[in-house]
Amino acid sequence: MTGLIWVVEAILLGCLLVNRFAGLSVVRPAWARWSLICGAGAAVGIGLTSVLFFFCGSLLGMRAAALGIEVAVLAWAGYEVFRRRAPAPQPAKKKQTPLLVYIAAIGLLVALAMATAAIATSWDANPQGDWDAWAIWNLRARFLASGGALAQRAWSPVLGRSTHAEYPLLLSSFVARSWAFSHSFSTAVPAATSYAFFLALIALVAGGIAALRGPVLGLLAALALASTPALLHQVPSQYADMPLACYFAGAIVFALLDRPILAGIFAGCAAWTKDEGVLFLAVILAVTAALKRRAVLATLAGAAPAAAVAVIFKMWLARGNAGLLSTSLPGAGKRLADAGRYGVTLAAFGREFTGMGVGWYHPVLPLIALAVVLRFDRERRRDAAYCGALVGFLLLGYFGVYILTNNDLTWLLQSSLNRVLVQVWPVLVLAGFVALRVPQSAVIVKPVPLAAKARRKAR
């Protein structure tokens, strides 16, 4: 269980850095600010320590240096936060909190408690995770944690195509770091990492929408994610799709909050997590260049460190491993001209989207109900267009990959499409909630004194 200490240490490191440098002190309400700090801190801390361990520990063979840098940065960041702490604010009038906020908060807490109980039951039944967890991500983490010549087996072509040695290593490298520093191979580490990404995703969406559109919509957006069965299923599986969904959502949240460097950090970490993250990085840079031109260079600067590690890994270390696109180039023209493939893929997208629910419940139903009741705010069309463009181009890219692949199309759709939709679902939720009108009953109205009311009646 000592491995969990290092998971917590990475999260604490990320929280301190985000609190110090992200400039979130102006975010209101206060709980939304801390939700963003904790959510971003967890994802950024895991991403940065993964990059550091891979570069220093796996490539240079200097694990002690990676550990020393982490501890030094943690101490410095803690000192900076302590030194720059704001003075105690003057007591102000307590504002009235709308009843809807309390109701939404209670609903979210209940949903998270139920989700955690279900996830814990899955952990007890299958602590190693599902197939890809121990055959790809945790297997490669064991090689990285072992060090020496064994570390290179994490990207060796000898592993075979089923192990996908060409996949980026953010998740595997972080798990390996926690194992290596704790000198154990505890199954609690990958499980806790997956759960941390789930909570970070909920915190980012709740805090981001609360800061942009008010606390009620922020809590309802988080509730919509916490009650998505397909999303919850990915937490105990210990796959890289939950981290990827978290990085997608975080990048968009901070792009909408005009924090382009932090948005870039999330996008760069997505590229270091999985191949789909490389597509996301290209898409968010293109959409930002079109709709938020001034932020594109800062976004690129934030993405550069993690993206550079991903490029080094892909171009030099794992170049002997054939990726999905490279193996699909021969005969690509014939597959593009096959109209039947388009129909099969479209039908599969429809089935998988429909299958995201359980029984009569589908996670899109709350969004439809809120859209009917609240309607959309025309002033938020630009933010909705930004999120919608990202969703559209991501889905278009995924669709194109399915059309091009030389693998058995039916098998590939059945084995991966459900996870692909989970990656994009939080972005779709963000696009919907960012465009909704704020409920009128959630608007805080300054109370009128009783004496003033009496005077009005006398008139």
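Check the stretch 310-323 and report whether any residue there is at pLDDT below 90 and of a type in the set (S, T, N, Q). Yes, some residue in the stretch 310-323 is at pLDDT below 90 and of a type in the set (S, T, N, Q). Kindly indicate whether any position in the stretch 179-187 is within 17 Å of the chain's Cα centre (by Cα) and of a type outside the set (Phe, Trp, Tyr). So far as the stretch 179-187 goes, no, none of its residues is within 17 Å of the chain's Cα centre (by Cα) and of a type outside the set (Phe, Trp, Tyr). Kindly indicate the residue of the stretch 324-346 that is among the β-branched types (Val, Ile, Thr) and modelled with pLDDT of 90 or more and also nearest to residue 274 (Cα to Cα) among those meeting that condition. Of everything passing the filter in the stretch 324-346, 345 is nearest to residue 274 (Cα to Cα). Just a yes or no: is a residue in the stretch 104-126 modelled with pLDDT of 85 or more, assigned to a loop (DSSP other than H, G, I, E, B) and closer than 21 Å to residue 195 by Cβ? Checked the stretch 104-126: at least one residue is modelled with pLDDT of 85 or more, assigned to a loop (DSSP other than H, G, I, E, B) and closer than 21 Å to residue 195 by Cβ. Among the conditions (1) farther than 26 Å from residue 422 by Cβ; (2) surrounded by 13 or more Cβ atoms within 10 Å (Cβ to Cβ), the only one that residue 293 does not satisfy is (2). Per the listing 224, 203, 180, the residue uniquely under 23 Å from residue 102 (Cα atoms), part of a helix (DSSP H, G or I) and open to solvent by 10 Å² or more (accessible area, probe 1.4 Å) is 203. Annotation note: Cβ proximity below 6 Å between a residue of the stretch 365-379 that is in contact (Cβ under 8 Å) with a residue 40 or more places away in the chain and a residue that is open to solvent by 70 Å² or more (accessible area, probe 1.4 Å) and not small (Gly, Ala, Ser) (sequence gap 6+ or interchain) occurs for 374/437; 375/437; 377/437. Scanning the stretch 403-437 for residues that are out of contact with any Lys or Arg (no Cβ under 8 Å at 6 or more places or on another chain) and either surrounded by fewer than 17 Cβ atoms within 10 Å (Cβ to Cβ) or without any contact (Cβ under 8 Å) to a residue 60 or more places away in the chain (or both) yields a count of 10. Flag: residue 404 does not match the condition of being aliphatic (A, V, I, L, M) and at pLDDT 95 or above. For the stretch 257-282, the set of residues classified as under 16 Å from the mean Cα position of the chain (by Cα) and farther than 17 Å from residue 18 by Cα consists of 270, 271, 272, 273, 274, 275, 276, 277, 278, 279, 280, 281, listed by residue number.
Assess whether residue 25 counts as being open to solvent by 10 Å² or more (accessible area, probe 1.4 Å) and outside any helix (DSSP H, G or I). Answer is yes for this residue.
I'd like to check something: does the stretch 138-155 contain any residue that is open to solvent by less than 10 Å² (accessible area, probe 1.4 Å) and within 22 Å of residue 424 (Cβ to Cβ)? No, the stretch 138-155 contains no residue that is open to solvent by less than 10 Å² (accessible area, probe 1.4 Å) and within 22 Å of residue 424 (Cβ to Cβ).
No other residue among 341, 381, 351 is open to solvent by less than 70 Å² (accessible area, probe 1.4 Å), of a type in the set (Lys, Arg) and part of a helix (DSSP H, G or I) apart from 341.
Looking across the stretch 183-196, the residues that are open to solvent by 20 Å² or more (accessible area, probe 1.4 Å) and in a helix (DSSP H, G or I) come down to 188, 192, 195.
The residues listed here are 294, 319; of these, the one that is in a loop (DSSP other than H, G, I, E, B) and free of Cβ contacts under 8 Å to residues at least 24 places away in the same chain is 319.
Okay, residues lined up against (1) more than 27 Å from the chain's Cα centre (by Cα); (2) aromatic (Phe, Trp, Tyr):
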| residue | (1), (2) |
| --- | --- |
| 299 | no, no |
| 305 | no, no |
| 327 | yes, no |
| 349 | no, yes |
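If the condition is being open to solvent by less than 80 Å² (accessible area, probe 1.4 Å) and in contact with a Leu (Cβ under 9 Å, 6 or more places away or on another chain), then the stretch 356-378 contributes 356, 357, 363, 364, 366, 367, 370, 371, 374, 377. In summary, helices (runs of 4 or more DSSP H) completely within the stretch 227-279 and bearing 1 or more residues that are among the β-branched types (Val, Ile, Thr) and open to solvent by less than 10 Å² (accessible area, probe 1.4 Å) occur at 229-237, 241-256.
The values are calculated or read from the model by the stated rules, or taken from the named source; none is laboratory data. Values in this document were obtained by computation on a predicted structure and should not be read as measured data. Note: ideal-geometry Cβ built from the backbone for every residue, glycine included; neighbour counts use all protein chains shown. Keep in mind that these areas ignore ligands, DNA and RNA; they rest on the heavy atoms of the full protein, side chains included. Shrake-Rupley method; radii C 1.70, N 1.55, O 1.52, S 1.80 Å.
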